[in-house]
Amino acid sequence: MISKLPPLTLRGLLNTYLIGLGLALAGMPAAHAQTLTPDQQQLRAIYQELVEINTTDSVGDTTQAARAMAAHLAAGGFIDADLHLIVPPGNPRKGNLVARLAGSGSDKKPLLLLAHLDVVEAKREDWQRDPFKLIEEDGYFYARGAVDDKAMAAVFVANLIRMKREGFVPSRDIILALTADEEIIPSAFSGVEYLLAHHRPLIDAALALNEGGGGMLDSTGKPLYHGIQAGEKVFQTYRLEVTNPGGHSARPSKDNAIYHLAEGLARLAKFDFPFMLNATTRTFFERYAAIESGQNAADMRAILQTPPDAEALARMTNMPLYNPSLRTTCVATMLEAGHATNALPQRARAVVNCRILPGEPVEQVQATLERVMANDKIRITPDGAAVLSPPPPLTREILDPVEAITGRMWPGIPVIPTMLVGATDGRFLNNAGIPTYGISGMFRDPDGGGVHGLNERLRVRSLYEGHAFLHDLVKALAR
């Protein structure tokens, strides 16, 4: 449903905004605040407020986050008719926000800005810092969602407010969609899927900007390249199960559910799916080799040969940064077994998560898993249906402004097409005929910044650079 409840009235939103802004500014280091422009101060306040709203699936609330962002937009001049809080029936904590900056009335279809509000779970006892407090320390922001994906969400909100204040009138409408359940696969059908199914006119667009791209830094913090994500691997999880009559642990048998499953998983750990490049990954390694040096550069060129050099391929296979771009991957992520300390296990289960190269048949991956397990006692069942999605075309409409702004902000840094080895809601938009590109202007460390893991972080400088980059890119695409 589209909510127009009292908390979404202009007065209610303004009060919410003033409270949130005051809290966020109070938490900003005074010395740091003095070095920021007013636009950057506003971004930081929005970012802090958003990060500190827990939006995990277990106890979080994206509806609260959506209301908070609507409050900022209302305070920035957006009227009620511009703002839509959409809460799927039966999912009160899974709200989405759609906002619109109206254009001049041309016949151009809108530009969609997509970011998700939900975040991966984070346990306080595991983290060095409170994951739901924005901590600025040694040039980094630390928090769950600091990167994925509240940085981009906050930047989009701050930039729309800035454009409204600047009096910018785009030739096409600019739509912002802040959504729920991106991190839940398969989802509860309450984010982008829900909007496409029930509110398509609100988000229908000619193209979309999304997470998934961004820049790569080397170990010294120097920018290497700016990635534009066009296409992503296919997400598919499998549940593995072995059942057994069990019995008393004093009378063990070689026919043990845990042993069967463990031996199959051990074979999977040693297995590599076949090497395969597509147009995007081939271009990526061609261009990356030109800016890399030493053995890495030589190996990138060597795997582009026909046939690829076996030793070079082996070295790159052993590097987690590159291996996912070379092949389909399947990895065990969860394990449980047994029911009592003094009983033979009646059941052993595991979850194996696969990221499948675009174009590789999903059923072929399951057949490969069955062959690798080499044990008909291990039952393999898909968990949900894979969503296949074609990569969007890299047209000059998107590439020209990305390359021009990148060249101005980071002279000499190339723009390189990338294939995302994870998954985003862009796959649903691409399937709906809305070409979706991952591009942010935010540069990250080689280890990914702890996304989905412990102590997630983003360089402070990267947030403000992304803020400036996306402001100019959105304006260029919307003119």
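Its Cα gyration tensor gives region 114-208 an equivalent ellipsoid. The semi-axes, each the square root of 5 times an eigenvalue, are 29, 21, 7 Å from largest down.
Around Gln346, which amide H atoms from residues at least 5 apart in sequence, or from another chain, sit under 5 Å from its own amide H, with H modelled in the peptide plane? Those qualifying (amide H under 5 Å, at least 5 residues apart or on another chain) are Gly338, His339. Across region 327-334, coupling constants 3J(HN,Hα) worked out from phi with the 6.51/-1.76/1.60 Karplus curve, θ = phi - 60°, read 6, 5, 10, 9, 9, 5, 10, 9 Hz, and Gly and Pro carry x. Neighbours of Gly95 by Cβ distance under 9 Å: Lys/Arg scored +1, Asp/Glu scored -1, total +2.
What the Cα atoms of region 234-383 give is an Rg and a Dmax of 19.4, 63 Å.
Starting from the Cα of Lys123, draw a straight line to each of the aspartates and glutamates and keep only those under 17 Å, dropping any in the same chain fewer than 8 residues away. Partners within reach: Glu52, Asp57, Asp61, Asp148, Glu183, Glu456. When you restrict to C-alpha pairs under 8 Å that are six or more residues apart and normalise by the size of region 234-383, the relative contact order lands at 44 percent.
Residue by residue, region 351-363 carries 3J(HN,Hα) couplings of 10, 10, 9, 10, 10, 9, 4, x, x, 7, x, 4, 5 Hz when phi is fed to the Karplus relation 6.51 cos²θ - 1.76 cosθ + 1.60 (θ = phi - 60°); x denotes Gly or Pro.
Once divided by 2.2 N^0.38 Å, the Cα radius of gyration of region 365-479 becomes 1.44. Most tightly packed first, judged by the mean number of other beta-carbon atoms within 10 Å of their residues, the peptides 224-232, 346-354 read 224-232, 346-354. Karplus-derived 3J(HN,Hα) values for region 222-237, using 6.51 cos²θ - 1.76 cosθ + 1.60 with θ = phi - 60°, are 7, x, 9, 7, 10, x, 10, 7, 9, x, 8, 6, 8, 8, 8, 9 Hz; glycine and proline are entered as x. Provide the net charge surrounding Asp138, with neighbours chosen by a C-beta distance below 11 Å and charges set as Lys +1, Arg +1, Asp -1, Glu -1. Neighbour charge sum, excluding Asp138 itself: 0. Here the dipole of the chain is about 340 debye; that uses its Cα centre as origin and unit charges on the Cβ of Lys and Arg (positive) and Asp and Glu (negative).
What fraction of the DSSP beta bridges in region 43-193 is antiparallel, stated in percent and rounded to the nearest 5?
Around 65 percent of the beta bridges assigned by DSSP in region 43-193 are antiparallel ones.
Stokes-Einstein diffusion for region 214-267 at 4 °C, viscosity 1.567 mPa s, with a Kirkwood radius from C-alpha pairs, works out to 79 µm²/s. Once C-alpha pairs closer than 8 Å and six or more residues apart are averaged by separation and normalised to the residue number of the chain, the relative contact order reads 21 percent. Overall shape: oblate for region 176-285, with the ratio a/c of the largest to smallest alpha carbon gyration tensor axis at 1.5 or above and b/c at least equal to a/b.
Partners of Lys254 within straight-line reach, counting lysines whose Cα lies under 29 Å from its Cα and excluding those fewer than 8 residues away in the same chain: Lys270, Lys377. Volume per residue for the chain equals 164 cubic angstrom (convex hull of Cα atoms). Other residues lying with their Cβ under 9 Å from the Cβ of Phe443 contribute a combined charge of +1, Lys and Arg counting +1, Asp and Glu -1.
Laboratory data are not the source of any read-out in this text; all were calculated from the coordinates shown. Bear in mind the structure is a predicted one, so any value in this text is a computation, not a measurement. No Cβ is skipped: glycine too gets one built from the backbone with ideal geometry, and neighbour counts run over all protein chains shown.
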